[in-house]
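Below you'll find the structure, written out as structure tokens, and then a few comments.
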Amino acid sequence: MTGTAEFAIEVQSHYQEIHSDRWPVVVVPQADELLSSWLNRLAFANGIAPRHFADVFGIDGGMWSARLDLALPDGAARLLHHYSGVARDTLAAMTLAQDERTRLLLPLRQTGHRRRSTWLQFCPQCLTSDLAPYFRRRWRMATSISCPMHGCGLRDRCPSCGSGTAAFDQPGLIPQHHCATCHFDLRTAAKVSVKAATRRFERCLHDMLRMEAAKGFLTKSSLIARLLSLPTAVDPRSARTLINLSSAARIRCFDQIAEECHDHLTAGTEASQIIFWHQRILAPVALLQPCNRSASGCGSVS
Ligand SMILES: [Zn+2]
Ligand SMILES: [Zn+2]
């Protein structure tokens, strides 16, 4: 090298990243992760309490991240993509906006009677096995009552204080798998048992929903309406729909349907082909015996 040598300085890609305006910590979305769960993890990882992360989007607090699950405005999606580096398609896939089963989603409610549903369920064992505990999209569905991986029942509130999950309202830097009210570690919640027949019935319901969605029938058929009225099939005195029952009450409802009455899902005015498909899905689990309950109903689910 001579004294007159010239140096060409070039900014390499990793150097450019240091000077980018992305948030410092990258959080990779997990399989079937709900957008709100990822937002809570993103906020925590970057040192912002989830309650205050709503300010980034200029939206009101409350159940802010749960509302974004249902409708992610274009401006919020653009901002998230810009600062997190996560693709717009990936962000959209974490929402529930395009899901044909939206009528089966648990309603957004922050507080409520212990016998009523909360907005989100969880499997303590899934949270335990996660490297970074996160909440699944399927846990928002009223038809989900158990974990297919661990075989246990889903929970919908903190066993210590009875509050529903509310990480969006967490004012401190506490991970989302701790109750926002009492800080109980949700991973340590006791296992909820669910009968094998009830879990088989639950799988059948999901098969029926998948089949109708694949055939393009889901928005036209009465399946979702029938699922919503399952509590009435079990107890004609019940005025509640499935989405308004707590996880424990839905497990009891499915117990009774699985054991005693299934024709609520197969009889009716559907096209004969749909009824045939439903019967084929239900047949292998021996759910096709006639309903043997009295007209006054066979129990209470609320
Ligand atoms: Zn699980
Ligand atoms: Zn609690």
| For the range 204-216, 3J(HN,Hα) per residue [Karplus equation, 6.51 cos²θ - 1.76 cosθ + 1.60, θ = phi - 60°, Hz, x = Gly/Pro] | 4, 4, 5, 5, 5, 5, 5, 4, 5, 5, 5, 8, x
| note | Here FRET efficiency (C-beta to C-beta, R78 to S222, R₀ 35 Å, nearest 0.05) is 0.35
| If you plug each phi of the range 137-151 into the Karplus form 6.51 cos²θ - 1.76 cosθ + 1.60 with θ = phi - 60°, what whole-Hz ³J(HN,Hα) values come out, in order, with x for Gly and Pro? | 4, 5, 6, 8, 8, 5, 7, 8, 10, 9, 9, x, 7, 10, x
| request: Would you please give the residues with an amide H less than 5 Å from that of S146, counting only those at least 5 places away or on a separate chain, with H modeled from the backbone geometry? | output: L154
| query | What is the spin-label model distance, in nm, from I59 to R115 if the labels are put 7 Å beyond Cα along the C-beta direction? | reply | 3.3 nm
| request: Would you mind putting 188-198, 134-144 in packing order, based on average other-beta-carbon counts within 10 Å, highest first? | output: 134-144, 188-198
| field | Virtual spin-label span in nm between A190 and Q279, 7 Å along Cα→Cβ | value | 4.4 nm
| remark: So T128 and M149, fully extended at 0.36 nm per residue minus their Cα-Cα distance, gain in nm 6.3 nm
| What is the distance in Å between the Cα centres of the range 173-192 and the range 37-59? | 18 Å
| said: For F184, what residues show an amide H to amide H distance below 5 Å, using hydrogens built from the backbone and excluding near sequence neighbours? | reply: C179
| How large is ³J(HN,Hα), in whole Hz, for each residue of the range 157-170 in order, when computed from phi with the Karplus curve 6.51 cos²θ - 1.76 cosθ + 1.60 and θ = phi - 60°, using x for Gly and Pro? | 7, 5, x, 8, 10, x, 6, x, 5, 8, 4, 4, 9, 6
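All of the numbers you see were taken from the coordinates with simple rules; none came from a lab. All values reported here derive from a predicted model rather than from experimental measurement. Reconstructed Cβ throughout: ideal geometry from the backbone, glycine too, with neighbour counts over all protein chains shown.
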